[in-house]
Amino acid sequence: MSKRLCVGGRGSERGFSLVELMVTIAIGMLIVASMAILLSNNSRARTETEKTSLKIENGRYAIEVLAGEIQNAGYYAEFDPRGLTLPATKPDACATDAASVAAAMRLHVQGYDDVSATTLSCLPDVKAGTDVLVVRRASGCVAGVGDCAAMGTGNLAFQASSCGAAGELGSATVTNHYKLSTDTSTFTLTRYDCATVAEVRRFHVRIYYIANNDRTGDGIPTLKRAELSNGAFVPVSLVQGVENMQLEYGLDLLPAALADGAADVYTPAPDLYNGCAAPACVQNWASVVTARISLLTRNRDITAGHADSKTY
């Protein structure tokens, strides 16, 4: 008779008890919940980091835009505007006709400190308590040449003569040294050879300001630029999330013959500096050689649960 050996048996077959199974499931749920919380916190932290990076980049870009504009303020090609007569009073920044713009050319920059909502009629939705910057200059490129846009109908064009003292620049009337008009058919000034017609450039009047909204009612404060185009100021959004702009202007207070282009004093309001009275206040604007720009930026989106009690 053959013999068989039975290894194991019913008594050795054993699975999880109900209690063990419930404990295992509970531990698994704790691990899954912990992982979910960790992932949620990491996602929230990454989102806030992205918001902070975007806020910094927006502020940096806004500074670069404003700095570049200020550096080019008062560029009128070959024309030197220092011979122009200063306006008797601070010009109307919202003026759109060529005569008014030409009369204001001596002031390459012009500002308004802590404006109200109605300080300038051409600025819609301006945020009260912020500063406004006006820049006047000619385009750095010649209209219609290369990548430079053509003039377009109704836009202000600028032409400067470089024909020497024996020619157009010999005129004792400084306003004969340039032309500023929407009608380029009258632009007959010449270059240094006194024969070749001088280049025609777009003339820019740009107003930088802070608006309460990017689009109507969205609540996103935005740096905007209103530019004189075809006889009206057209606002364009530049940078979202900029809720305040403050400027200080550096004045070169030395007499014209001794002016060195270095700032002797900084003030947020040259038209009020040192108790000046017209036309000395206008002269202060003509003496601006540099500016300090301060911007306050914020996130475009609300951070849930965040409360900020700081004063900036």
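If you take the residues in region 109-123 that are farther than 15 Å from M245 by Cα and of a type in the set (V, I, T), which one is modelled with the highest pLDDT?
Within region 109-123, the match that is modelled with the highest pLDDT is V109.
Scan region 97-116 and give yes if some residue there is of a type in the set (A, V, I, L, M), part of a loop (DSSP other than H, G, I, E, B) and either out of contact with any strand residue (DSSP E or B) (no Cβ under 9 Å at 6 or more places or on another chain) or without any contact (Cβ under 8 Å) to a residue 24 or more places away in the chain (or both), otherwise no.
no
Out of all the residues in region 25-74, which are open to solvent by less than 80 Å² (accessible area, probe 1.4 Å) and farther than 25 Å from V239 by Cα?
Selection gives A26, G28, A33, S34, A36, S40, N41, S43.
Given the options L180, L189, L133, L156, name the one that is touching a Gly at 6+ places or on another chain (Cβ under 6 Å) and modelled with pLDDT of 95 or more.
L133
Suppose the filter is open to solvent by 70 Å² or more (accessible area, probe 1.4 Å) and under 34 Å from the mean Cα position of the chain (by Cα); does T182 pass it?
yes
Would you be able to tell me the number of residues in region 211-257 that are buried (at least 21 other Cβ atoms within 10 Å of the Cβ), more than 16 Å from the chain's Cα centre (by Cα) and more than 16 Å from E69 (Cβ to Cβ)?
Qualifying residue count, region 211-257: 1.
Residue by residue, here is whether (1) surrounded by fewer than 21 Cβ atoms within 10 Å (Cβ to Cβ); (2) under 28 Å from T85 (Cα atoms) holds:
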| position | (1), (2) |
| --- | --- |
| S116 | yes, no |
| T119 | yes, yes |
| C122 | yes, yes |
| A128 | yes, no |
| R136 | no, yes |
| S139 | yes, yes |
| L156 | no, yes |
| Q159 | no, yes |
| A165 | yes, yes |
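Among (1) of a type in the set (G, A, S); (2) touching a residue at least 60 places away in the same chain (Cβ under 8 Å); (3) more than 18 Å from R201 (Cα to Cα), where does S53 come up short?
Of (1) of a type in the set (G, A, S); (2) touching a residue at least 60 places away in the same chain (Cβ under 8 Å); (3) more than 18 Å from R201 (Cα to Cα), only one is false for S53: (2).
The values are calculated or read from the model by the stated rules, or taken from the named source; none is laboratory data. All values reported here derive from a predicted model rather than from experimental measurement. Backbone-built Cβ (ideal geometry, glycine too); neighbour counts: all protein chains shown. We work out accessible area using only protein heavy atoms, side chains counted, and drop any ligands, DNA or RNA first. Shrake-Rupley method; radii C 1.70, N 1.55, O 1.52, S 1.80 Å.
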